[in-house]
Amino acid sequence: MKCKLKIRQKILLYILGATGLFYIACVGYILITSRQTIYKEAMEKTQLTAEVSAKEVTAIFERELSLVRTLSQALTVYQELPQEQWHKLFLDMYLPVLRENPQIYSLWDSWEYKYYIPGYTNDFGRFVITTWREGSQLKWLYDERSMEGDPPIYGVFKRNGVEAIWEPYVDQVTKGKAEVKLMITYASPVYVNSEFAGAIATDVGLDNLQEMVSKIKPVTGSYAYLVSNSGIIAGHPNKEFIFKKIADVYPADEKKYQLTERIAKGEKFNYTIKDSSGREHLICYSPIVAGKVKTPWALVLSTPVDVIMAQARHTLWVSIIVSLLGLIAITLVLLFVSGNLTRPIKKITEALKRLARGEISEELMVSINSGDEIEEMAVAFNTSLSGLHHKTLFANDIGKGNYATQLELLSEADVLGKSLITMRDSLKNAAKEEENRKLEDQKRSWANEGHAHFGEILRQNNNDLQKLCDNVIISLVKYVGANQGGIFLLNDDDKMHPFFELISAYAWDRKKYMTKQIELGEGLVGACAMEKETIFLTEVPDDYVNITSGLGEANPRCVILVPLKHEDEVVGVVEMASFKVLEKHEVEFIEKVAESIASTILSVKINARTKMLLEQSQMQAEEMKAQEEEMRQNMEELQATQEEVSRKSGEIEEFMNSINSTAYVVEYDLGGNVINVNDSYIRLVGVPREQIIGSHHTQNLILNDKQKKEYGTFWENLKAGVSKKLRTTITSGGRSIELLETYIPVRDVDGKVFKVMKLAFEVNEFQQ
C-alpha cells in the first residue's frame, strides 16, 4: 500500500534528509577547501581595508584640492579688476584660509605674463605672489619666475591644464622657529576665456597625513605607508624610509613587480613576500586618485599572513558551529515555514503569470520577508522585473533618438542588456555616420556651388584682365571666409628679367590699391611659383604679414599660396591670409579654382595680344601703302648714296684699325657679358679669346666700395643711352693695371641700344 504524505510531512522528510546529507557533504568539502577559501577571503578583506584607508587619504586630498579649486574660481573673477584692487582682495581672502587651515604653510598665486602684459609674446615668464603667516600677521612676497623657460613640473602642469598634486619635497618653514618639513603642493589652474592664465596653489606639510597613515593597523603586526606618483615614500612607520624611493627601499619588490610603474598607472594589486625572519606578509596596493589629478598616489598595507589566517580559522570554526545550530534550527523553522510556504509561492506564481502575458510594471513586484529561498526567489524576481523595466525605458529612449541614455547591467551575464547596449551603440554609430555623410555632402555642395559661381565670374570677365583679377580675389576671399588676399601675375615683357606683379588685392570687405613686385624665387610667392606647388602655413612667422582692421592689428592663423598654372605653366600666384585655419576641402577648392583662373588669365592675355596684333596689322597695312611710294623714292636715293657709303666704309675700316692698334676694345651685351674683344685686349689680359667671350664685366675688376654701390646705376644709364667714363683697375699676369675706360652705347637702326662698346687706355701711357 502506497504511503501518502502531506506537503508539510514531505517537506520535513525530504528537506531534513537532504539537508543532513548536504550538511555532511558541505562539512567535508569545507574541510578540504577551507584553507584556500580562508586565504582568499583574508586577502580580499585586507585589500578592502587598504581601499578604505586609501579613500580616507583621498578625502584629505579632495579637501585640499577643493580649497585651491575654490580659490582659483574666485581668482578668475577677481582678475578682471585692477591689480591694486584684486591683490588686496586676495590677501583678504587668504587670511581666513590660512587661519582656518593650520596645515597650510603658504598660499601662492602665479600669473602668466603672456595674458597680463600687452605685447608679451613668450609662452613662458610669470610673476608669483607668495602669502604666508608669521604669528597673527600675513606676509607676502612678489617675484618673477620662468623667465628663461618653465621648470619641468610647472610646464607639465600648464600643458595638462588640470588640478595637480606635486611630488613631495623638503622645505624649510617657519613657525616661531625655522624647521625642515616634508611638503606637498596642491595646485589648480586659472583659466581666462578658456586659456591658461595662471594658478593658485597651497604648500601643505605632510605631518597630519603621516600621522593618520601611521594609525592604520587593522590587525596586530600590520602597518601602512604612503607612496607618491613617482615612487617617493611620503609616510612610513620607519622614519628612515620617508622621502626615499620605494625602488631603493624595496629593490627586490621593485624588480619583480615593477612597483613604481604600476603606482604611476594607478593600478590596484597585491603580492606576498617573506621578511628576513621568514614571516610571510600580504602587501596590498590601493590607488589614490583625487579630483582631476592625473598623477595617482598609492596607499600600501602590509599585513602578516599568519595573523589574518588565525582570524579566518576562528571564523571557520564559528561557521561550523553555527551550521550545526542551523541544522537544528532548520527543523524548527521548517515546521513554521511549511505552513506558510504555499502563500508566498502562490503570490510569486500570480506575478509570473502576469509577466508571461507581457505586463512589465513595478506593481508586479512581490514583498516576501520569509528569510529563506522563497524570499531570494522573490528578490531575484523583483531584480529581473526591475531590470526588464529599466530595459523598457532604455529601449524607449533609444527609439526617441536619445543615444546618450545609459543602462546598468544586472551582471556580466546580462545578455539582453548587452544586446540593447550593442543596439544603442550601433544606432549611435549609424547616426554619426549619417551626420558625417551629410557633412561631406555639404562640403561637396559648397565646392560645386563655388565652382559654378567662379565659372560665371570667369565667363563675365574674360576680356578685362584687371576687372577679372579684382572680381576673382574679392569673391575668393569672401567665399572661403578669409580676411585678405591678392593675385600676383607673371610679367615677362622683359624675357631676361621676369617678375611677379601684384595685380589685385582685397582685405576687410574692400579693394586695396597697392603695388608690389617679387622676383622669381623670392619669398613665399616666388617659391610657390618656382616649385609649382601649394604652400600652406598654419604657423605664420610674426614678421611675415599682419591683418589690420578697425579693431587693431594681428597675425593671421594661416597663409595659403596657390600657383596659377595651366599645363604646368605658372602664370601667377594667389595668396590669402585668414584668422581661421582653412580646412582640407577649402584648400582643395582653392587649388581647383586656381586651375580655371589660370586658364582664363591665359585666354585673356592671348585675346589682348591678338587684339593688339590685329590693330598693329591694320596700321601696318596702311603704312605699307605709304611706304611703297617712299621706297621708290628711296631706291633712287639709295643708288646715289651707295657710292658715298662705299667711300665711308673704307674710312670707317681705317678708323677701326686705328682704334684697334691704339686702344683696348671690348663689346658687351646689355647684361654685361662679353660678346667681342680686339687682339690688343687679349694680349693685355693674357687669356684666350674663347675664355673671355661670355665672361661678365666684373671679372678681373677691382672696385672700391663707392664703385660697388654705383655699379647698378652705371649699367642702367648705359642701357638708357648715356655714355660713361670710368677709371678702373684690372689684374693680369700678377700685376694691377689702371685703365681709363669710355663706355659707348651702340644703337641699332631704330635708335635702340643693343650693345655697349668699351674703349680703354692705360693710365701710364697718358702719364708718359
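The values are calculated or read from the model by the stated rules, or taken from the named source; none is laboratory data. Please read all numbers here as calculations on a predicted model, not as lab measurements. Here the Cβ is made from the backbone with ideal geometry for all residues, glycine too, and neighbour counts use every protein chain on show.
For Thr303, the test of being of a type in the set (Val, Ile, Thr), under 25 Å from Tyr154 (Cα atoms) and in contact (Cβ under 8 Å) with a residue 40 or more places away in the chain is failed. Candidates in the stretch 717-729 are the residues that are farther than 24 Å from Asn657 by Cβ and assigned to a strand (DSSP E or B); of these, the one that is modelled with the highest pLDDT is Lys724. One residue alone among Ile457, Ile473 is modelled with pLDDT under 85, within 16 Å of Ser504 (Cβ to Cβ) and not hydroxyl-bearing (Ser, Thr, Tyr), and that residue is Ile457.
On inspection, Phe500 does not qualify as modelled with pLDDT under 85 and either outside the structural domain of Glu522 (by TED's automatic domain parsing) or under 37 Å from the mean Cα position of the chain (by Cα) (or both). When Gly450 is tested against the conditions (1) exposed (fewer than 14 other Cβ atoms within 10 Å of the Cβ); (2) in contact with a helix residue (DSSP H, G or I) (Cβ under 8 Å, 6 or more places away or on another chain); (3) within 21 Å of Val480 (Cβ to Cβ), the lone failure is (1). Against the test of being polar (S, T, N, Q) and under 25 Å from Ser658 (Cβ atoms), the options Ser736, Ser695, Ser732 yield a single qualifying residue, Ser732.
Check whether at least one residue in the stretch 739-758 is in contact with a Phe, Trp or Tyr (Cβ under 7 Å, 6 or more places away or on another chain), among the basic types (Lys, Arg) and either within 20 Å of Thr662 (Cα to Cα) or not in a strand (DSSP E or B) (or both), and report yes or no. Yes: one or more hits. Looking only at the stretch 609-621, decide whether some residue is in a helix (DSSP H, G or I) and touching a strand residue (DSSP E or B) at 6+ places or on another chain (Cβ under 7 Å). No - not one qualifying residue is present in the stretch 609-621. Within the stretch 195-229, count every residue that is of a type outside the set (Phe, Trp, Tyr) and under 14 Å from Glu112 (Cα atoms). Selection size over the stretch 195-229: 5.
Being under 13 Å from Gln103 (Cβ atoms) and either assigned to a strand (DSSP E or B) or modelled with pLDDT of 90 or more (or both) is the filter here; which residues of the stretch 186-212 pass it? Within the stretch 186-212, Tyr186, Thr202, Asp203, Val204, Gly205 meet the criteria.
Checking each residue of the stretch 685-705 against the condition of being more than 16 Å from Leu739 (Cβ to Cβ), in contact (Cβ under 8 Å) with a residue 60 or more places away in the chain and not in a loop (DSSP other than H, G, I, E, B) gives no match.
Every residue in the stretch 233-250 that is of a type in the set (Phe, Trp, Tyr) and closer than 17 Å to Tyr169 by Cβ, please. Phe241, Phe243 - these are the residues of the stretch 233-250 that are of a type in the set (Phe, Trp, Tyr) and closer than 17 Å to Tyr169 by Cβ.
A quick yes/no check of all residues on (1) part of a helix (DSSP H, G or I); (2) without any contact (Cβ under 8 Å) to a residue 24 or more places away in the chain; (3) over 30 Å from Val559 (Cα atoms):
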residue	(1), (2), (3)
Asn396	yes, yes, yes
Gly401	no, no, yes
Ser411	no, yes, yes
Ile457	yes, yes, no
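Ala264 meets each of the listed conditions (1) surrounded by 16 or more Cβ atoms within 10 Å (Cβ to Cβ); (2) part of a strand (DSSP E or B) apart from (2).
Tallying residues that are surrounded by 11 or more Cβ atoms within 10 Å (Cβ to Cβ) and either under 15 Å from Val674 (Cα atoms) or at pLDDT below 85 (or both) within the stretch 742-760 yields 11.
When Thr728 is tested against (1) closer than 25 Å to Val687 by Cβ; (2) under 57 Å from the mean Cα position of the chain (by Cα), exactly one condition is not met: (2). Filtering the stretch 361-394 to residues that are assigned to a helix (DSSP H, G or I), among the β-branched types (Val, Ile, Thr) and surrounded by 16 or more Cβ atoms within 10 Å (Cβ to Cβ) leaves only Ile374. Selection of the stretch 235-261 for residues being assigned to a strand (DSSP E or B) and either at pLDDT below 90 or of a type in the set (S, T, N, Q) (or both) yields only Gly235. Of everything in the stretch 276-315 that is surrounded by fewer than 17 Cβ atoms within 10 Å (Cβ to Cβ) and farther than 29 Å from Asn238 by Cα, the residue that is modelled with the highest pLDDT is Lys292. When every residue of the stretch 281-295 is checked against the conditions, none turns out to be over 30 Å from Ser188 (Cα atoms) and outside any strand (DSSP E or B). Does Val162 satisfy being at pLDDT 85 or above, within 27 Å of Ala54 (Cβ to Cβ) and exposed (fewer than 14 other Cβ atoms within 10 Å of the Cβ)? Answer is yes for this residue. The sole residue among Asp203, Asp207 that is among the charged types (D, E, K, R), assigned by TED's automatic domain parsing to the domain that holds Pro96 and buried (at least 16 other Cβ atoms within 10 Å of the Cβ) is Asp203.
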